[in-house]
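Peer 1: Below: one structure in structure tokens.
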Amino acid sequence: MTAGGLWRRWWGRGWIRRPIKSLIIPLLVVYGLIEVVDSVVMPRLTRHGQEFPAPTLVGITMERAQSDLLSLGSTMEIAERRYSADQPDGTILEQRPAAGAPIKQGRNFKVVISRGSELVEVPRVRGFTVRQAELILVEAGFAVGGRAPSPDSSVPLGNVVGTVPAPGSRLPKSGVVNLLVNQEPREDYTWCPNLTGVNIEAARDLLRERGLLLGMVGRRFDSTAAAGTVVEQSQAPGDEIPLGSEVDLVISRESETTSARSSDSVATRYR
């Protein structure tokens, strides 16, 4: 009889087959469990409690922060909404834990969100003395700009006729408010317009309308202003100055990394 025949004859006996089956099946089950533990359970256990640096959330939007934290298995809670003159509405101002602090997966973050600039209504100061009007404006949170003559017989001479912007206008806190004062206009004087945010060509035209000249023009990078627009002027808006005076300006250039040229580093005349 062949070896194969002997094996089949031997395996056909139940008293041999049953113990072998009862041994192999449990071994296969145990092997399967070991594979599951090794490939699924152990990686999770070894990562549990592992620390990593907290991401930077300050300066980005709430939506982007939520997306970044979701990928880390973390959550975000708004602790406060606060006015900010520097950051637009929806931008994160503060975070806890701080950026770079060691955290574990699933850590909850508390953040302070910007509500944007607080808008305040310009108060009515008509009829007040200049000093009184300035105190009222400062108390309301505004910066007082210049003064311009505005004859009005219904208001005592030297008192305030109105403001620019007009009463009731809503401006961010620290916004500039100019005063119109009951004075006889001086034929050889004018008042300087507000040129902030205006492009250079329009700024030159506005100065000419007031009988003023465009003086030296400097350039610097300003992330809050569009390239080519005014970010600084030598005369404050509303300042009363002689006709024909020059007003120097600084305009925003395109990039902080732009290579320095003579026009970038030294003020030049713009004609």
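Peer 1: Cβ under 13 Å from R96's Cβ, R96 left aside: what net charge do those residues give with Lys, Arg +1 and Asp, Glu -1?
Peer 2: Cβ neighbours under 13 Å give a net charge of -1.
Peer 1: Going 7 Å from the Cα of K173 toward and past its Cβ, which residues in segment 80-115 have a backbone nitrogen under 13 Å from where you end up?
Peer 2: 82-87, 115
Peer 1: If you don't mind, there's one more thing I want to ask. If we count other beta carbons within 10 Å of each Cβ, what is the order of F128, F142, fewest first? The partial results should precede the final answer.
Peer 2: On the way: F128 19, F142 22.
The order, fewest Cβ neighbours first, is F128, F142.
Peer 1: While we're on this one: Tell me the net charge near G197. Cut-off is 13 Å between Cβ atoms, G197 excluded, with +1 for each Lys or Arg and -1 for each Asp or Glu.
Peer 2: Surrounding charge for G197 is -2.
Peer 1: Please compute the volume of the convex hull spanned by the alpha-carbon atoms of segment 51-114 and report it per residue in Å³.
Peer 2: 61
Peer 1: Each residue of segment 234-250 in turn: what ³J(HN,Hα) in whole Hz from Karplus with 6.51, -1.76, 1.60 and θ = phi - 60°, glycine and Pro shown as x?
Peer 2: So the Karplus estimates, Gly and Pro as x, are 6, 10, 5, x, x, 5, 8, 9, x, 4, x, 5, 8, 10, 7, 10, 10 Hz.
Peer 1: Could you list which residues have their amide H under 5 Å from that of I103, counting only those 5 or more apart in sequence or on another chain, with H placed in the peptide plane?
Peer 2: Residues meeting the criterion, in which the H sits 1.01 Å from N, are F52, A54.
Peer 1: Can you tell me which of 86-93, 152-159 comes out highest on packing, and rank the rest after it, using the mean Cβ neighbours within 10 Å?
Peer 2: On the way: 86-93: 16.2, 152-159: 12.9.
Descending mean neighbour count gives 86-93, 152-159.
Peer 1: Would you please put 244-253, 117-126 in order of how densely packed they are, using the mean number of other Cβ atoms within 10 angstrom per residue and starting with the highest?
Peer 2: Working: 244-253: 18.5, 117-126: 16.2.
Final packing ranking: 244-253, 117-126.
Peer 1: Hey, another quick one. So who's got an amide H within less than 5 Å of the one on L243, skipping anything under 5 residues away but keeping other chains? H placed 1.01 Å off N, in plane.
Peer 2: Y189, T190
Peer 1: Around P167, under 9 Å between beta carbons, what's the net of Lys plus Arg minus Asp minus Glu among the other residues? Spell out each step's value before the answer.
Peer 2: Numbers: positive: R124, R126; negative: E121.
Result for the local shell: +1.
Peer 1: Enumerate the amide H contacts of G162 below 5 Å, restricted to partners 5 or more residues apart or on another chain; note that Pro and chain-start residues carry no placed amide H.
Peer 2: The answer is L180.
FYI, it's all coordinate maths here, none of it is from the lab. Quantities reported herein were computed from a predicted structural model and do not represent experimental measurements. Glycine also receives a Cβ, built like all others from the backbone with ideal geometry; neighbour counts cover every protein chain displayed.
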